[in-house]
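The values are calculated or read from the model by the stated rules, or taken from the named source; none is laboratory data. Computed from a predicted model, the values in this text were never measured in an experiment. All Cβ positions, even for glycine, are placed from backbone atoms using ideal geometry, and neighbour counts span all protein chains on display.
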């Protein structure tokens, strides 16, 4: 079982690589090699199998073909230009998120044995005037270019799978919290910052009201679900390879209360509420009411409580 | 008002061109020129405005740019590789239906003023395990490559419109019946043949049972709806440019009864029922229960009865 992670340098790719190294197996087979590919060379790591790291620009079809020539049994396609970037630079988003995904699908199609392909989509595919809750049969009606490009990826993975070119599975990720690292320019950045920074003893600004609700998953469960996504029997996927990863709908207040329950009253004092209309206008357009029935039936899981998300951050990611 | 019909050589493009010639106006403006483009040079026609005909292969981006350099105010993108063809020749379907549509969108994006773009999608975007009726917020879950490519076009038209690159409108066409001309490679070809050939005094083969139900629209109403689609105010389209064109759900038996009501008992005797598993497997995967609420609210219409479809064929299309 040879595994490839495209986007292997990102925080999710790295966490997935480490989890695979701990397990040593995927789909009931021993992992014999892992390749981490990204636009910049990913960090390598210790593992009970050979680990290669390589650069690959997925917008370059010949580079993708060279990468895939090593014949992988399972491919995780995590590489993407994120939402604010794809909105600011339309052509870059189209090249990476649409044509890049197509290059990987076309490259995989040339392999002798159709590889398992786990493609990460996003709740950003949903938007506009559709009724709650968002179910497995709700139309993706994205209101961003990023969401559009991900929704197109979902359709392509379905059709390439139906035709037997790949054995694809598309998982729509909830907003990940608590995301490790530093704040970024994503509108969702505060959804991790308001927990992460106070737990690190730093101040954080919350740009929305305490009753703002959204849909979250921890990095730990996200990685567990990516692996589960790869392991599902193709026959159990039915007539669509796409599913929304389970998460939890939480208000800002509930998230802060969970942090206090785990870490005491001090971190919450480091949060300052400061209305930011630009961010508020974006995030209040997002949807938070989901019914991820298909993913739950196939064994994917949400966190038990946001207390768990806080604990996982402390255990897995807080700088020592 | 300069108008371009891409796919102007097809039966729908030709009917649309003639309807525009009769009206002389579109979106409350006088039509000053009409260009008909297709892979082979379309038939020209008499009109109260200049009519140009030209060849254009939409898979060739530079050819599309040359075509669009004449700066059109309204573009109808009807050109496509049909369902059976796109299923048999995957790469051809991808090139024409996906990359061709993208070439037109990218070419239109370069125009100084965003043109109105009417894109034709199809009920083939729907399939698989989604609940009836199919509503405006039902997920496209296509079970063919053609449907996949059309669903991708819908997403692209939405995003290019949201960004102001085009003023797009996507209309999902019901199966057109009675379609004039000869049988083609569409799996739905028989849905017109079984009416058209008998009305022409020829035999026809029906590859499915008499109780097979599907969703139909006449060419006459389809053209009327394409024009209405172009004329809707952008502000009335809301957060999606896509809608299902109204049609009528009918069984084969109801269609034949309507033909008999209009043309007497003889034509029906020319229909032979002969099971064709290849066609049956495709068309029984299609959905027939639709609620086209958005299109109806925006003034698009279905035929009053299938008797009308039969009459329209006799009036508009039967060879004399």
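In the set (1) buried (at least 16 other Cβ atoms within 10 Å of the Cβ); (2) modelled with pLDDT of 95 or more, the condition left unmet by residue B:19 is number (1).
Looking at the stretch A:179-191, can you tell me whether even one residue there is surrounded by fewer than 23 Cβ atoms within 10 Å (Cβ to Cβ), within 14 Å of chain B (Cβ to nearest Cβ) and without any contact (Cβ under 8 Å) to a residue 24 or more places away in the chain? Scanning the stretch A:179-191, I find no residue that is surrounded by fewer than 23 Cβ atoms within 10 Å (Cβ to Cβ), within 14 Å of chain B (Cβ to nearest Cβ) and without any contact (Cβ under 8 Å) to a residue 24 or more places away in the chain, so the answer is no.
Selection of the stretch B:237-266 for residues being within 17 Å of residue B:178 (Cα to Cα), in contact with a helix residue (DSSP H, G or I) (Cβ under 9 Å, 6 or more places away or on another chain) and part of a helix (DSSP H, G or I) yields B:252, B:254, B:255, B:256, B:257, B:258, B:259, B:260, B:261, B:262, B:263. For the stretch A:255-266, the count of residues that are surrounded by 15 or more Cβ atoms within 10 Å (Cβ to Cβ), within 21 Å of residue A:191 (Cβ to Cβ) and modelled with pLDDT under 95 is zero.
All conditions but one from (1) more than 20 Å from the chain's Cα centre (by Cα); (2) within 12 Å of chain A (Cβ to nearest Cβ); (3) modelled with pLDDT of 95 or more apply to residue B:108; the one that does not is (2). Picking from residues in the stretch B:150-164 that are within 8 Å of chain A (Cβ to nearest Cβ) and in a helix (DSSP H, G or I), the one that is surrounded by the fewest Cβ atoms within 10 Å (Cβ to Cβ) is B:162. Taking the conditions (1) over 20 Å from residue B:100 (Cα atoms); (2) in a helix (DSSP H, G or I) in turn, residue B:141 satisfies each one other than (2). Applying the set (1) in contact (Cβ under 8 Å) with a residue 40 or more places away in the chain; (2) in contact with a helix residue (DSSP H, G or I) (Cβ under 8 Å, 6 or more places away or on another chain) to residue A:228 leaves exactly one unmet item: (2). Please work out if residue A:69 is under 19 Å from residue A:118 (Cα atoms) and more than 19 Å from the chain's Cα centre (by Cα). The answer is yes for residue A:69. Can you confirm whether the stretch B:200-215 contains a residue that is within 14 Å of chain A (Cβ to nearest Cβ) and out of contact with any strand residue (DSSP E or B) (no Cβ under 8 Å at 6 or more places or on another chain)? No; the residues of the stretch B:200-215 include none that is within 14 Å of chain A (Cβ to nearest Cβ) and out of contact with any strand residue (DSSP E or B) (no Cβ under 8 Å at 6 or more places or on another chain). Consider the stretch A:267-291 and keep the residues that are in a helix (DSSP H, G or I) and at pLDDT 95 or above. The one that is surrounded by the fewest Cβ atoms within 10 Å (Cβ to Cβ) is A:269.
Residues that are in contact (Cβ under 8 Å) with a residue 60 or more places away in the chain and within 7 Å of chain A (Cβ to nearest Cβ) within the stretch B:131-149 comprise just one, B:143.
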